[in-house]
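The values are calculated or read from the model by the stated rules, or taken from the named source; none is laboratory data. As the structure is a prediction and not an experimental result, all values here were calculated from the model. Note that we place each Cβ from the backbone using ideal geometry, even for glycine, and neighbour counts take in every protein chain shown. Accessible surface is based on the protein model in full, side chains and every heavy atom, while ligands, DNA and RNA are left aside. Shrake-Rupley method; radii C 1.70, N 1.55, O 1.52, S 1.80 Å.
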Amino acid sequence: MASSMAGNIAAEKSFYEVKTEHPGLLAWLLSTDHKRISIMYLLSMLTFFLVGAFIAIVMRLELLSTGETIISAHTYNALFTLHGVVMIFFFIIPGIPAAFGNFMLPLQIGAKDVAFPRLNLLSYWLYLVGAVIALTSIFSGPGPADTGWTFYAPYSIRTGTNVTLAVFAAFLLGFSSILTGLNFITTMHRLRAPGMTFFKMPLFCWSLYATGWIQILATPILGITLALVMVERLLGVGVFDPVKGGDPVLYQHLFWIYSHPAVYVMVLPAMGVLSEIIPTFARRTIFGYKAIAFSSMAIAFVGYLVWGHHMFTSGISDTSRMAFSFLTFLVAIPSAIKVFNWLATLYKGSIDMQPPFLYAISFIFLFSIGGLTGLVLGALATDIHLHDTYFVVAHFHYVMFGGTGFIFFAALHYWGPKMFGRMFNKKVSYLAWAIIFIGFNMLYFTMFILGYKGMPRRYYDALPEFHNLHVVATVGSWILVSGLLIMLINLLVGFRKGERAPMNPWGGTTLEWTVPTPPPLENFHEIPLVEHEPYYHGNKEKEMK
Amino acid sequence: MSQAGELILEKHHDPIGARIGMWLFLFTELLLFGGLFLLYAIYLNKYPEEFHFASSQLDQFVGAMNTLILLTSSLTMVLSVGSLQRQKRNLAILFLVITFLLGAAFLVNKYFEWGHKISHGIYPGSAELMLHPKGEIMFYGLYYSMTGLHGLHVLVGMIIMLFLWYFLSKKTHTAVSLKGEALESFSGKILTLADDTGRNIWKSSTLGENISQIEVTVKGEISEETMLSNEVKLHNSGLYWHLVDIIWIFLFPLFYLIAM
């Protein structure tokens, strides 16, 4: 409970130093402080990210040479399932909102915590329990699920592997995600500082707002779908089983009714972070604030109506295919509005190429490639050719990893010093960026070509004519991972032993930069009064006009 | 309140925030059932005759009884919320208990209804059911899934009511709770607690380093904050209960009445 003393707490004690109720690890696991919860999420997610990356490296190694080499076909099936489940449900869906949103949302709107601090902790526990169950599913009974992260029926109902446990883990993570979204929306409605209207909120908050609504309105569909898979396996109800009169295509519909909007749960917060970083390092206010805010909501809304584009080859009617294809193209409009606004913000800005900006700006390049190839997949004729090939794999890695992943790293560089109170080595960051960028494009751009030539996804082996390109991709994966390790080790060392970070290392204008580094337990001694728009860099703007 | 000067106990209470949170949660519940309603609509469209026949095999009387029970329970829930708002705590508890009993009656009915079907071999995955046409297998599959999930919600609602019963019956409240940082600042001082008339109810000894936590609980009265927080809790539980009710209002015609 927030019973607190007014005033006389020693001014500079950060939330790390304040004496806690419980000792040791419990001080973290039982804390309802949004900052501690955020750091727990961050560390858990980075752990899962490394696990997922390791699995990917093993898969790439198998594809380095033709024929069965280090793992069997069945193990490969289990590994791509695990890679998908870990990366999607444990890293990228909770990703930016749970780690950075939790820390920054209350700070950015001038609040002491989120609206429901205990619910926030419950979300983290659900995440943790989900993780434990997912691990159990790997190492117990008949072994890890081999269905792919999509758990498509009827195979997911019939396979002897541990699908029930894996699905239950995903169900819990969905619940955790719902509670986070619910918490954030209520926080933004109730706890904004005086003077901070909705249109004075930083754009990161707007993106979390849009994300929150998707989490609330889409995730329950996944919940019921996964619950039905469990019920199918345990009781044999038959709603997705053709033998009993069920329809497996309905499973795909229900699954994608959630999982397509979930793509925007993954990418909208990243766009929000970018909208923070660009004005900071361009030393300008954002161009088209309202257009960016509304385009977040528009993406969230249209994103609901496009799930069918995952099913163009599943035997749905031509009419619905055309409708879904058209709606898919519509998503490109609000996405492009954002990109053009960011570019317009950079125009005539005095750009300071610091590491967070470098990582963030890569988003625009990589996400544009991912987005444009998305249009290729959204068109009916080309999709028939490219469906279930490496082209799709490359497309979503460009969008998810090149987009959200890079922004996650940008956010680590941008907000990390605020969260941990120390700076990292900038030169190593630049170097790591270059290695990651080269490795990334070598790995995934090669996949575009492989897919276009007809290499199907989810195969543990390849025909000889694809061999050379697979070698290129695998070498790319080595470069990528070395870059990632250099970057993460640099951050880890920096945040533990680096020099102390100042209050506002990047010259940001939003409220999180007005509190000490790292922030005190209750964030603000006095709730601030907000008078300016979020990206107000003095009256430079007016002088320029 | 204390000799150390301005100790302000700042409690975080936001009834509107709590209600927004609850409504958002109810949206998720609607969508959770929404997936099942979607499946129902599609399979009804695919197997209209089998659904018609299977529906006529259900006991409309039991279904109607349960509808009556659940609707009445929603009424008693509202009465409970209303009573608490008029500060009639005992009446609120009474209506809450009645609501709980009606929920239990609903589940007992459900138990016998399911038991009857199961004794005839009609349950998911049974050899008997597999002999029926596919449309009927689907109908009963959905029947057990949807009423089952709904029954689970009734059960959860009843558990929530037990908690509320406990909260409403509790006649103590914590007047002072100090630990950690807040307590340290009073080190070496003496704390006293006075009521509205200025009369001292409680006094501490000199606070030394060895004291890690102070908690003062007052019996026999409920603070305004507790009252308010109970009201919010009861109101939100009421909202949840009405959701359970409204879902049943759709389940009832879809399973019991389409054949009539």
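Simple point charges give the picture: +1 on the Cβ of Lys and Arg, -1 on the Cβ of Asp and Glu, and for chain B a dipole about the Cα centre of about 440 debye. The residues of the stretch A:178-209 listed by number as losing at least 30 Å² of accessible area in the complex, against the isolated chain and with a 1.4 Å probe, are A:Leu182, A:Thr186, A:Arg190.
To put it simply, the accessible area of chain A at a 1.4 Å probe is 69 percent carbon and sulfur.
The stretch A:328-344 and the stretch A:513-527 have Cα centres spaced 35 Å apart. A Cβ-based charge dipole, computed about the Cα centre of chain A with Lys and Arg at +1 and Asp and Glu at -1, lands at about 1000 debye. Simple spin-label estimate for B:Ala64 and A:Leu50 gives 6.7 nm between the two label positions (7 Å along the Cα-to-Cβ direction from each Cα). Please name which of A:Pro456, A:His470, A:Pro154 has its Cα lying farthest along the dipole of the protein assembly as shown towards the positive end, using unit charges on Cβ (Lys, Arg +1; Asp, Glu -1) and the Cα centre as origin. Toward the positive end, the furthest listed residue is A:His470. Among B:Met65, A:Met322, B:Met260, A:Met487, the order of accessible area from largest down is B:Met260, A:Met322, B:Met65, A:Met487, computed with a 1.4 Å probe on protein heavy atoms. Roughly how many Å is it from the Cα centre of the stretch A:255-294 to that of the stretch B:24-100, as a whole number? Cα centroid of the stretch A:255-294 versus Cα centroid of the stretch B:24-100: 40 Å apart. Tell me the per residue accessible area of chain A using a 1.4 Å probe; a whole number in Å² is fine. Counting only protein heavy atoms, the per-residue value for chain A is 37 Å².
Could you tell me whether the protein assembly as shown comes out rounded, prolate or oblate from its Cα gyration tensor? Rule is a ≥ b ≥ c as square roots of the eigenvalues, rounded for a/c under 1.5, then prolate if a/b exceeds b/c, otherwise oblate. Oblate shape, in that a/c is at least 1.5 and b/c is the bigger or equal ratio. Amide H to amide H distances under 5 Å link A:Arg422 with A:Ala501, where only residues 5 or more positions off or on other chains count and H is placed in the peptide plane. Distance from the Cα centroid of the stretch B:143-159 to that of the stretch A:482-505 is 50 Å (rounded to whole angstrom). Taking Cα atoms only, the orientation of helix B:15-46 departs from the longest principal axis of chain B by about 10 degrees.
Run the accessible area of the stretch B:1-130 with a 1.4 Å probe and give the carbon-and-sulfur part as a rounded percent. Before the final figure, lay out the partial values.
Values: 4530 of 6690 Å².
Result for the stretch B:1-130: 68 percent of the exposed heavy-atom area is carbon or sulfur.
Interface of B with A. Using a 1.4 Å probe and counting protein heavy atoms only, the two chains hide about 3700 Å² of accessible surface, both sides summed. Taking only Cα atoms, what is the 0 to 90° angle, nearest 10, from helix B:89-119's long axis to the longest principal axis of chain B? So the inclination is approximately 30 degrees. Listed by chain and number, the lysines placed with their C-alpha closer than 24 angstrom to that of B:Lys233 are A:Lys112, B:Lys11, B:Lys88, B:Lys170, B:Lys171, B:Lys219; residues fewer than eight positions away on the same chain are left out.
The residue list B:Thr76, B:Phe27, B:Gly125 was ranked by how far each Cα lies along the charge dipole of the stretch B:1-138 toward its positive end, using unit charges on Cβ atoms, and B:Thr76 comes out on top. Of the residues B:Ala64, B:Ala127, B:Ala54, the one that moves most in a GNM of chain B with alpha-carbon contacts below 10 Å is B:Ala127.
Angle of helix A:467-497 to the longest C-alpha principal axis of chain A, folded into 0 to 90 degrees and rounded to 10: 30°. Per residue of chain B, the DSSP helices (runs of n ≥ 4 H) give a summed -39500 (n - 2.57) that works out to -23000 deg cm²/dmol at 222 nm.
Where only DSSP H runs of four or more residues are counted, chain A gives -21500 deg cm²/dmol as its mean residue ellipticity at 222 nm, each run worth -39500 (n - 2.57). Using a probe of 1.4 Å on the protein chains alone, the accessible area found for A:Leu235 is around 110 Å².
Solvent-accessible area per residue in the stretch B:173-219 equals 62 Å², computed with a 1.4 angstrom probe and all protein chains kept. Straight Cα distances below 18 angstrom link A:Lys497 to the lysines A:Lys418, A:Lys426, A:Lys427, with same-chain residues fewer than 8 positions distant left out. Along the charge dipole of the protein assembly as shown, which of A:Val231, A:Tyr398, B:Leu254 sits closest to the positive end, that is, farthest toward it, with unit charges on the beta carbon of Lys, Arg, Asp and Glu (+1, +1, -1, -1)? Highest projection toward the positive end goes to A:Tyr398. Computed over protein heavy atoms with a 1.4 Å probe, the carbon and sulfur contribution to the accessible area of the stretch B:173-219 reaches 46%.
The relative contact order of chain B comes to 30 percent, based on Cα pairs under 8 Å that sit 6 or more residues apart.
Computed about the Cα centre, the dipole magnitude for the stretch B:173-219 is approximately 180 debye when only Lys and Arg (+1) and Asp and Glu (-1) carry charge, each at its Cβ.
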